[in-house]
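Worksheet: one structure, shown below.
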């Protein structure tokens with residue numbers, strides 16, 4: 001299973017689905033598809049609690065080309081035997097994100113590239129599930145969290161919402177709190 | 001031609017007569033007959049393309065590669081001769097066809113480099129010359145080849161077609177952008193896979 005999460009895709013440009021570049025000399029990030037991946041293979045997936053777009057693709061695989069010429073292209077190709085693991089392509093054209101490993105998947109990041117300009121930091125990542133994604137604010141502080149699970153992506157909310165749910169025995173939030181090593185004061 | 005032989009002390013070699021020069025504008029009115037020159041500064045290779053006195057400017061038919069503003073010129077009843085002077089100079093001379101038997105179209109791709117010529121396969125020794133002059137970020141390059149050859153320059157891939165093109169204006173064509181080539185290769189397109197191989201592009205997988 002392949003999920004694309006974070007930004008809306010534009011299906012009008014043929015093979016180019018998304019691109020971001022924050023300055024002429026900055027890295028250009030692209031998400032592309034092979035011509036045999038049709039529009040209707042991208043099934044929109046609604047994430048409860050937020051309006052962040054996500055798409056699900058079956059029978060698809062991902063390849064990427066990361067060049068020294070400041071260009072990163074991630075390609076979606078049709079595959080009869082895709083990888084058994086769920087793979088996420090995470091996109092952001094605001095202030096970027098960090099990937100936090102899940103306890104059961106210590107090295108989830110296959111690729112993570114950014115294009116930093118004066119006011120924005122776009123990013124693209126290829127990540128294996130399960131993992132957590134931490135979207136960032138302009139000053140680099142955390143904005144909110146997603147759980148990139150094997151079955152689907154989930155919105156966890158802000159840091160405080162995650163902490164509150166962790167104290168209410170939410171297993172996923174507890175794992176995130178533990179993995180992120182947040183300093184929680186206690187008596 | 002004797003002065004050429006004595007100056008370069010090299011043997012001039014022979015190739016087929018129909019010549020197509022693509023990639024850059026030619027200076028057909030140059031008085032010394034240099035229709036294209038790639039040169040950066042002293043101690044750098046100088047690359048020259050000459051038209052010899054028998055080849056007149058009206059013999060150059062100008063076309064544009066479809067989908068681009070890149071020109072190419074078709075010159076009939078000519079053949080190229082070339083010589084390389086060590087690391088200093090590469091010269092190609094367009095000379096009138098002397099009526100000898102020639103079978104295939106010869107291409108020259110000239111212009112800003114670096115570009116990568118990739119033989120389309122099936123034919124050995126298709127690339128006769130592939131020289132560039134490189135200083136800082138400025139590069140000129142010339143490739144002399146018989147078809148079919150792909151020229152990969154910047155983000156685009158062009159094809160110098162095999163002899164079976166329908167008409168001269170289809171002899172040089174745009175294959176696509178590098179991204180399009182990669183996308184088509186992922187669908188199993190053998191030509192595009194061969195181009196990626198020629199460019200040493202290996203896609204990474206999860």
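Coordinate-derived values only; no laboratory data. Keep in mind it's a predicted model, so treat the numbers as computed, not measured. Note that we place each Cβ from the backbone using ideal geometry, even for glycine, and neighbour counts take in every protein chain shown.
Odds and ends about this structure:
- Between 0 and 90°, nearest 10: helix A:171-180 axis offset from chain A longest Cα axis: 90
- Per residue of peptide A:62-69, the mean number of Cβ atoms on other chains within 10 Å of the residue Cβ is 4.
- Here the contact order of chain B, divided by its residue count and restricted to Cα pairs under 8 Å and six or more residues apart, works out to 19 percent.
- With contributions of -39500 (n - 2.57) from each DSSP H run of at least four residues, the per-residue ellipticity at 222 nm computed over chain B stands at -3500 deg cm²/dmol.
- Counting only other chain Cβ atoms within 10 Å of each residue's Cβ, the peptide B:172-179 averages 2.
- Computed [θ] at 222 nm, helices only, for chain A once each DSSP H run of length n ≥ 4 contributes -39500 (n - 2.57): -3000 deg cm²/dmol
- Förster-model FRET efficiency, 30 Å R0, residue B:127 and residue A:25, C-beta, rounded to 0.05: 0.35
- Taking every residue in B:183-194 and counting other chain Cβ atoms within 10 Å of its Cβ, the average works out to 4.
- If both residues of a DSSP beta bridge must be in segment B:2-198, then about 85% of such bridges are antiparallel.
- With R₀ set to 41 Å, the beta-carbon distance separating residue A:181 from residue B:204 gives a calculated FRET efficiency near 0.85.
- Site pair residue A:70 and residue B:139 shows an inter-label distance of 1.7 nm when each label is modelled 7 Å from Cα along Cα→Cβ.
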